[in-house]
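Structure record follows, encoded as structure tokens.
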Amino acid sequence: MDGGRATLVLGSTNAGKLRELADLLVPLGIPCRSLADEPHAVEVEETGGSFAENAALKATAQARALGAWVLAEDSGLVVDALGGAPGIYSARFSGAGATDAANNALLLERLAHHRGADRGAHYACHAALADPAGGIVATSAGTCAGRIASAPSGAGGFGYDPLFVVPEYHRTFGELPPAVKAVISHRARALRALIPALVRHLAPQAAAPPAAGAR
């Protein structure tokens, strides 16, 4: 607890995700920390067949191991022409030891013969909030539609952001200011959907009224 508030553990060690999640939580005033601050955090094998299943697996396992509230998410890029790939394998699309650069290069290679509307894609994020006993108390989902560029552009963001063009802005996530991404991204939308649950479970308890006759 911190000043009457329960502390929320963000169930990730991905620096980019942590930065985005922490920034989105600032307006709620909910103290948070990452798995990097938790010596008892566990490795969770993502054996689920969907983003939703993996988010729940991670939230439950870390909450039980840490005895803390945990917000976990699983997200990735879904490309229409690739039958939904890389999907839940987005982070390791190019194999063991995958890097953002290698994943992006493989994606461009796979889409080399696709043009225009055939490069449609969307980012998807599923989030799960677990209580300290590991019970899932809330889930949410968010998406952001776009298309895959023919070459990376922009140094912002992470993952596939330099290739993901948001049609309304005619720019990639790598080019858009963080303030814009914080409004329209799949992760932002999923987290905003969880705000009522976060406030209900993690906001400080209202001070109890004084007992009758108390001075």
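The values are calculated or read from the model by the stated rules, or taken from the named source; none is laboratory data. The shown structure was predicted, so the numbers you read here are calculated from the model rather than taken from an experiment. Glycine also receives a Cβ, built like all others from the backbone with ideal geometry; neighbour counts cover every protein chain displayed.
Kindly indicate whether any position in segment 95-104 is farther than 28 Å from Pro178 by Cα and assigned to a helix (DSSP H, G or I).
no
Of everything in segment 134-147, what is of a type in the set (A, V, I, L, M, F, W, C) and out of contact with any Gly (no Cβ under 8 Å at 6 or more places or on another chain)? Give them in sequence order. I'd like the intermediate steps shown before the answer.
Taking segment 134-147 as the starting set, the residues that turn out to be of a type in the set (A, V, I, L, M, F, W, C) are 136-138, 141, 144-145.
Ile136, Val137, Ala138, Ala141, Cys144, listed by residue number.
Got at least one residue in segment 82-91 being outside any helix (DSSP H, G or I) and within 14 Å of His186 (Cα to Cα)?
No; the residues of segment 82-91 include none that is outside any helix (DSSP H, G or I) and within 14 Å of His186 (Cα to Cα).
Condition first: of a type in the set (Val, Ile, Thr) and either surrounded by 17 or more Cβ atoms within 10 Å (Cβ to Cβ) or closer than 19 Å to Arg187 by Cα (or both). Now tell me which residues in segment 42-56 satisfy that.
Val44 - this is the single residue of segment 42-56 that is of a type in the set (Val, Ile, Thr) and either surrounded by 17 or more Cβ atoms within 10 Å (Cβ to Cβ) or closer than 19 Å to Arg187 by Cα (or both).
Checking Ser75 against (1) buried (at least 17 other Cβ atoms within 10 Å of the Cβ); (2) modelled with pLDDT of 95 or more; (3) closer than 17 Å to Ala15 by Cα; (4) out of contact with any Cys (no Cβ under 6 Å at 6 or more places or on another chain): exactly one of these is not met. Which one?
(4)
Across segment 138-194, what is the total count of residues that are out of contact with any Pro (no Cβ under 7 Å at 6 or more places or on another chain), more than 18 Å from Ala85 (Cα to Cα) and among the hydroxyl-bearing types (Ser, Thr, Tyr)?
Counting residues in segment 138-194 that are out of contact with any Pro (no Cβ under 7 Å at 6 or more places or on another chain), more than 18 Å from Ala85 (Cα to Cα) and among the hydroxyl-bearing types (Ser, Thr, Tyr) gives 4.
Take Ala85 and tell me if it is over 21 Å from the mean Cα position of the chain (by Cα), farther than 25 Å from Val42 by Cβ and of a type in the set (Gly, Ala, Ser).
no
Working only within segment 158-184, note down all residues that are assigned to a loop (DSSP other than H, G, I, E, B) and either more than 13 Å from the chain's Cα centre (by Cα) or modelled with pLDDT of 95 or more (or both). Lay out the reasoning, then the answer.
Start the filter on segment 158-184 by keeping residues that are assigned to a loop (DSSP other than H, G, I, E, B), which leaves 158-160, 167-170, 173-177.
Of everything in segment 158-184, those that are assigned to a loop (DSSP other than H, G, I, E, B) and either more than 13 Å from the chain's Cα centre (by Cα) or modelled with pLDDT of 95 or more (or both) turn out to be Gly159, Tyr160, Pro167, Glu168, Tyr169, His170, Phe173, Gly174, Glu175, Leu176, Pro177.
Could you tell me whether Pro39 is surrounded by fewer than 19 Cβ atoms within 10 Å (Cβ to Cβ), outside any loop (DSSP other than H, G, I, E, B) and more than 15 Å from the chain's Cα centre (by Cα)? Quick ask: steps written out before the conclusion?
Numbers: surrounded by fewer than 19 Cβ atoms within 10 Å (Cβ to Cβ): yes; outside any loop (DSSP other than H, G, I, E, B): no; more than 15 Å from the chain's Cα centre (by Cα): yes.
In short, no.
Got at least one residue in segment 119-129 being in contact with a Cys (Cβ under 8 Å, 6 or more places away or on another chain) and either surrounded by fewer than 15 Cβ atoms within 10 Å (Cβ to Cβ) or among the polar types (S, T, N, Q) (or both)?
No, every residue in segment 119-129 fails to be in contact with a Cys (Cβ under 8 Å, 6 or more places away or on another chain) and either surrounded by fewer than 15 Cβ atoms within 10 Å (Cβ to Cβ) or among the polar types (S, T, N, Q) (or both).
Consider Val78 against the criteria (1) among the β-branched types (Val, Ile, Thr); (2) out of contact with any Asp or Glu (no Cβ under 6 Å at 6 or more places or on another chain); (3) closer than 30 Å to Leu202 by Cβ: it satisfies all of them except one. Which criterion is unmet?
Condition (3) is where Val78 drops out.
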